[in-house]
1. Considering only residues that are within 14 Å of ligand 3 (Cβ to nearest atom) and without any contact (Cβ under 8 Å) to a residue 24 or more places away in the chain, which ones fall in the range 66-77?
2. Return the only residue of 77, 69 being near ligand 1 (Cβ under 10 Å from one of its atoms) and in a loop (DSSP other than H, G, I, E, B).
3. Identify the residue in the range 39-57 that is in contact with a helix residue (DSSP H, G or I) (Cβ under 9 Å, 6 or more places away or on another chain) and part of a helix (DSSP H, G or I) and, among all such residues, is nearest to ligand 1 (Cβ to nearest atom).
4. Would it be correct to say that residue 103 is within 13 Å of ligand 3 (Cβ to nearest atom) and in contact with a strand residue (DSSP E or B) (Cβ under 6 Å, 6 or more places away or on another chain)?
5. How about the range 107-122: which of its residues are near ligand 3 (Cβ under 9 Å from one of its atoms) and within 11 Å of the chain's Cα centre (by Cα)?
6. For the range 102-122, does any single residue satisfy the condition of being within 24 Å of residue 40 (Cβ to Cβ), more than 14 Å from ligand 1 (Cβ to nearest atom) and assigned to a helix (DSSP H, G or I)?
Ligand code: HEC
Ligand code: HEC
Ligand code: HEC
């Protein structure tokens with residue numbers, strides 16, 4: 001008797017579980033899997049960050065751009081520093097892929113932002129793009145790229 005009961009329970013449970021799966025699979029796209037970043041905690045409680053990060057970033061942007069105030073707490077550079085980590089191949093993901101912290105959710109929720117046209121999508125201390133406060137910022141925004149040693153060598157060679 002006991003066995004039959006638990007068998008029934010098991011199949012009932014399995015039924016529920018597969019129903020739940022079915023509703024996830026067919027009713028909504030799978031929820032984004034957000035990459036794990038560095039550090040113990042965020043600059044604000046995680047819940048608050050999920051809901052309000054856009055306002056914080058915008059506020060920070062306004063404060064910096066209009067009033068010349070510069071604090072690190074809600075800095076975009078800092079977000080990227082903690083949140084964008086290399087994958088197993090040691091490569092940094094691009095914004096727009098589901099691997100990039102900032103685009104996992106945005107892809108899912110169809111949010112589009114233009115921030116990374118100018119701002120670096122990966123931490124500062126790599127060779128990909130410079131931070132905007134870097135001396136090469138002007139070159140970056142015109143798409144001219146940064147000046148490397150070999151560029152300089154060519155220029156010097158041409159002059160000789
Ligand atoms: C047209 C280029 C451009 C775009 C697009 C842009 N920014 Fe900026 N942003 C700048 C420049 C230039 C600065 C000032 C230089 C600096 O602080 O490095 C700046 C500064 C900031 C700062 C303060 C510095 C920091 O790192 O905290 C924040 C925050 C910021 N932007 C957020 C954003 C967000 C969010 C978006 C998208 C909604 C965005 N920016 C889009 C050019 C841009
Ligand atoms: C010191 C490292 C650090 C910095 C700087 C940082 N974060 Fe975080 N962030 C974390 C950690 C750790 C978590 C917690 C992840 C968790 O609870 O699973 C987190 C959580 C989040 C979440 C929620 C993610 C989720 O799983 O739902 C968002 C959104 C977020 N951060 C955005 C930002 C933004 C935007 C900035 C810049 C203003 C920023 N973070 C700066 C470390 C950081
Ligand atoms: C936990 C999911 C999640 C993560 C992670 C996340 N975002 Fe968002 N973000 C959203 C959602 C959802 C919205 C749209 C909110 C709305 O429309 O009310 C949004 C909106 C924004 C906006 C405002 C867009 C607009 O035009 O109003 C900016 C700017 C932004 N996110 C920047 C970032 C940056 C930078 C990162 C990475 C550091 C990031 N987000 C990571 C979920 C996320």
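1. Answer for the range 66-77, where residues must be within 14 Å of ligand 3 (Cβ to nearest atom) and without any contact (Cβ under 8 Å) to a residue 24 or more places away in the chain: just 75.
2. 69
3. Step by step, filter the range 39-57, then rank; the result is 57.
4. Values: within 13 Å of ligand 3 (Cβ to nearest atom): yes; in contact with a strand residue (DSSP E or B) (Cβ under 6 Å, 6 or more places away or on another chain): yes.
For residue 103, the condition - within 13 Å of ligand 3 (Cβ to nearest atom) and in contact with a strand residue (DSSP E or B) (Cβ under 6 Å, 6 or more places away or on another chain) - is met.
5. Listed by number, the list holds a single entry, 116.
6. Looking for residues that are within 24 Å of residue 40 (Cβ to Cβ), more than 14 Å from ligand 1 (Cβ to nearest atom) and assigned to a helix (DSSP H, G or I), one finds at least one in the range 102-122, hence yes.
All of the numbers you see were taken from the coordinates with simple rules; none came from a lab. If you're wondering where the values come from, they're calculated on a predicted model, not measured in any experiment. Note: ideal-geometry Cβ built from the backbone for every residue, glycine included; neighbour counts use all protein chains shown.
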